[in-house]
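Asks: My questions all concern the structure below.
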Amino acid sequence: MQMSRAHQPIVAASVSLLAFGGCIAAFLPPLNQQTLQSIPLMVALGIALAVSFILHLVFVGIAAQRLGRSAWGWVILALLFFPIASIVGLILFEWFSEEKNQSQEQRAA
């Protein structure tokens, strides 16, 4: 089975979203004592938050473009309703990607 062109950015967007969540988790109560005592750790986590958020939006746009959707529309939607719209969007992207693969395989057969 051939992997869809949109599969890689979907996975990358998911990984960047998980990295974002991991950075946020460092500021939550069980870990916040250690995080707030170290200024270099706070700076590194802040930079990681910014980078993972931007990469997530970039990969959502790439996935949307490769699926023939409006990249700017999906990026703005993911930005406005983050993280719920991002999660729902990634699920829909994967669904449409699989659906497209199945229809191409049926045409080839």
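The values are calculated or read from the model by the stated rules, or taken from the named source; none is laboratory data. Just so it is clear, the structure is predicted and the values come from calculations on it, not from any experiment. Backbone-built Cβ (ideal geometry, glycine too); neighbour counts: all protein chains shown.
Asks: Determine which member of the set Val75, Val43 is more than 16 Å from Gln8 (Cβ to Cβ), surrounded by fewer than 17 Cβ atoms within 10 Å (Cβ to Cβ) and of a type in the set (Val, Ile, Thr). Break it down stepwise before answering.
Replies: Details: Val75 fails: surrounded by fewer than 17 Cβ atoms within 10 Å (Cβ to Cβ).
None of the other options fit; the residue is Val43.
Asks: Regarding region 79-89, can at least one residue be identified that is surrounded by fewer than 12 Cβ atoms within 10 Å (Cβ to Cβ) and at pLDDT 90 or above? Full working, then the answer.
Replies: Taking region 79-89 and keeping what is surrounded by fewer than 12 Cβ atoms within 10 Å (Cβ to Cβ), we get 80, 84.
Add one more test, that the residue is at pLDDT 90 or above, and what stays is 80, 84.
Yes; the residues of region 79-89 include at least one that is surrounded by fewer than 12 Cβ atoms within 10 Å (Cβ to Cβ) and at pLDDT 90 or above.
Asks: Looking for whichever is surrounded by 13 or more Cβ atoms within 10 Å (Cβ to Cβ) and hydroxyl-bearing (Ser, Thr, Tyr) here; the options are Ser38, Ser52. Which one fits?
Replies: On the way: Ser38 fails: surrounded by 13 or more Cβ atoms within 10 Å (Cβ to Cβ).
Step by step, each of Ser38, Ser52 is checked, and only Ser52 is surrounded by 13 or more Cβ atoms within 10 Å (Cβ to Cβ) and hydroxyl-bearing (Ser, Thr, Tyr).
Asks: One residue is enough: does region 4-15 have a residue meeting the conditions at negative phi, exposed (fewer than 13 other Cβ atoms within 10 Å of the Cβ) and out of contact with any Gly (no Cβ under 8 Å at 6 or more places or on another chain)? Talk me through it step by step, then tell me what you get.
Replies: Initial filter on region 4-15 (at negative phi): 4-15.
This time we only want the ones that are exposed (fewer than 13 other Cβ atoms within 10 Å of the Cβ), so: none.
Taking every residue of region 4-15 in turn, none turns out to be at negative phi, exposed (fewer than 13 other Cβ atoms within 10 Å of the Cβ) and out of contact with any Gly (no Cβ under 8 Å at 6 or more places or on another chain).
Asks: Every residue in region 1-45 that is over 16 Å from Ala78 (Cα atoms), assigned to a helix (DSSP H, G or I) and out of contact with any helix residue (DSSP H, G or I) (no Cβ under 8 Å at 6 or more places or on another chain), please.
Replies: Residues satisfying the conditions are Gln8, Gly22, Pro29, Pro30, Asn32, Gln33, Gln37, Ile39, Pro40, Val43, Ala44.
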